[in-house]
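Read-outs throughout are calculated quantities, based only on the coordinates presented, and are distinct from any laboratory measurement. In this text the structure is predicted, and so the values were computed from the model without any measurement. Here the Cβ is made from the backbone with ideal geometry for all residues, glycine too, and neighbour counts use every protein chain on show.
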Amino acid sequence: MKKYYTRVCNFTYSKLSIELVNKKKNLPLNGNNKFSFSQIEIITRDSRKIINLKDIKKLPKSLRVKIKKDLKIITKKNNNFSNLNFNKTPNIMGVLNLTPDSFSDGGKFNKKKTGLKHAFDLLKFGADIVDVGGESTRPGSKSISEKKEWNRIEKIIREIGKKIPLSLDTRKSSIMNKGIKMGIKLINDVSGLTYDSKTIDLLKKNKSPFIIQHSLGTPENMQNNPKYKNELLDIYDFFEEKIKFLRSKGIKHRNIIIDPGIGFGKNLKHNMNLIRDVSIFHTLGFPILLGLSRKKFIKELSGKNDTKERVGGTIASSLYSMMQGVQILRIHDVNELIQSIKVFKQLIKN
């Protein structure tokens, strides 16, 4: 049986959006009248078609029923949690790598003094939450021991875990458990909750908010010729099945974020297709996070214009994602991105 996917598109922002929603020409994304859409794309494994909302009534009954069910999910307001407010677009997750070897800023903030300062700077610049990590998961990296990972992050979390909203970037349940006890508000597991068999039970026991990220393989081998039948739909199916599995394991809350995992087992084509069509994931009914900051795809696209911090490419892809309704952006250069968002929103204000 052919499976249909619904992707929302043709977004409108600000006052005009509210007017169009009031006139019933647009539908609000996630219950936000300031951010609405007027079209959907109907996708199968072998076809794609964009239609206006008013033309849904012309579709065959079975497809019409399916799309109306999807639209009910897409327009429903997301719960706010972990200091994230889904009535605004986007929320900003600042990156604090306490590692000597992360792909972009390894060794820059892994001393207590510099780490603490950077955490407070990220908050001062406007980050809604700070993502703390003690193990590099860059392409080619190997896992480190729990002891080494915890030693890298313990002092920082102990100092600020109850002062600053923190997310914990780890694949290990023992690290998660210690972090939760110290005030961690969100668990960010790049393995999609598969690395450690104890993770799901721990998250269930603590009713902890968490991110499900898609990755193919492990950081050590994920970039060794990654392949998909259709990256967009394969990853959508992954999330759909993962949510069903978590529900079967007793995790009933909705404080869950999905992250397609840009650069985690994806080549340039995969990354571009995911970013271009990221609004398909709204149909799952959970907030979307994208980690675009300083990623390799920026170098691959910019060629001789590549820079170490890739601020230009990060901003361009982040603004594009914001206009697809992505609710959370994971960012190194928080001040620069928020500056660009403020200017961009004023330019498109209507």
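Structure values in brief
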| read-out | value |
| --- | --- |
| Kirkwood Rh and Cα Rg combined as Rg/Rh, the range 182-253 | 1.00 |
| Rough spin-label spacing in nm, given labels placed 7 Å along Cα→Cβ, for Glu159 and Thr307 | 2.9 nm |
| Relative contact order of the chain, defined on C-alpha pairs under 8 angstrom at six or more residues apart (%) | 17 percent |
| Radius, Kirkwood style, for the range 5-75 when every pair of distinct Cα atoms is counted (Å) | 12.3 Å |
| Pairwise label distance in nanometres, Asn224 with Gln346, each label 7 Å out on the Cα-Cβ vector | 5.1 nm |
| Distance histogram in 10 Å bins (all Cα pairs of the range 255-326, percent per bin) | 20, 53, 23, 4, 0 |
| Candidate aspartates and glutamates for bridging to Lys181, where Cα separation is under 16 Å - those fewer than 8 sequence places away on the same chain excluded | Glu154, Glu159, Asp169, Asp201 |
| Contour minus Cα-Cα distance for Lys142 and Arg45 (0.36 nm per residue) | 31.4 nm |
| Two-decimal log10 I(q)/I(0) for the chain, as the Debye equation yields it once each C-alpha is a single scatterer, q = 0.11 Å⁻¹ | -0.73 |
| Cα→Cβ-extended label distance, 7 Å offset, between Lys77 and Ser14, nm | 2.4 nm |
| Length-normalised contact order of the range 5-75 in % [C-alpha pairs under 8 Å, at least 6 apart] | 31 percent |
| Order by protection proxy (mean Cβ within 10 Å, highest first), peptides 127-138, 338-349 | 127-138, 338-349 |
| Loop trypsin sites (Lys or Arg not before Pro), the range 20-59 (other Cβ atoms within 10 Å of the site Cβ: 14 or fewer; DSSP) | Lys23, Lys24, Lys25, Arg45 |
